[in-house]
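Comments concern the structure below.
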Amino acid sequence: MGQQNGRLGPTRPGRAVKPGGQAVALTADDRDVFLGTGGRHGRRLVVNGHLIAPQPLRWQAAMAHSTTLDVRFSELDPYGHVNHAVYVTYFEVARTEALAHCELPLDELAHKGYQFVVTNIAVRFRRAATAGERLTITTEVAQVRRASSIWRQQITRGDELLVTAEVIVGITDRMGKPCKPPNWLFPALQPLLD
């Protein structure tokens, strides 16, 4: 698997800590910000040429957003399990809540002339959920690209993994035409990247 990098653009002012405890100041003028995957063993954040704390790539990152939902009877198939199409809706609800958590509610993005659109979703079913169960949907952004991002999501029942998804989300203008994201967009997703 090759190295893949995504430009994050200008950062919010703040500090990041390099391995060994050395702090690196981040300013609104920092333009050389990259998030890259280090193969299947980890990812790294590079700011102005400085490696910032490489982290192992995990399904449940410490900063991933969690959404809790209860399975409703109307969501079941004739066999008493959650219908496979309903899981895609669960993932959509969780992504929407994660964006709101990052202060990027969909209505505000639309007002500014941008849309997040799903261009690809790959879902893997491992176990079935049934009526009345409480499910947790964990959402994180695994990678940012020039005009898209890759999101990883999972649904669990307690500690049991039920369903996983990898979602490619593109950026478009109001008319649905792919466009370059504004400089503030991907840095705002930082809470979902760590």
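The values are calculated or read from the model by the stated rules, or taken from the named source; none is laboratory data. This structure is a prediction, so every number in the text was calculated from the model and none was measured. Backbone-built Cβ (ideal geometry, glycine too); neighbour counts: all protein chains shown.
With respect to Leu106, determine if the residue is free of Cβ contacts under 8 Å to residues at least 40 places away in the same chain and in contact with a helix residue (DSSP H, G or I) (Cβ under 8 Å, 6 or more places away or on another chain). For Leu106, the condition - free of Cβ contacts under 8 Å to residues at least 40 places away in the same chain and in contact with a helix residue (DSSP H, G or I) (Cβ under 8 Å, 6 or more places away or on another chain) - is met.
Starting from residues that are acidic (Asp, Glu) and more than 16 Å from the chain's Cα centre (by Cα), keep the ones in region 94-142 and report whichever is modelled with the highest pLDDT. Ranking the candidates gives Glu133 first.
Going by what's in this entry, would Glu140 be described as buried (at least 20 other Cβ atoms within 10 Å of the Cβ), more than 30 Å from Tyr79 (Cα to Cα) and out of contact with any Gly (no Cβ under 9 Å at 6 or more places or on another chain)? The answer is yes for Glu140. Checking each residue in region 162-194 for being surrounded by 15 or more Cβ atoms within 10 Å (Cβ to Cβ) and over 18 Å from Leu99 (Cβ atoms) picks out Leu162, Val163, Thr164. Of all residues in region 87-103, how many are among the small types (Gly, Ala, Ser) and touching a residue at least 60 places away in the same chain (Cβ under 8 Å)? So the count comes out to 1.
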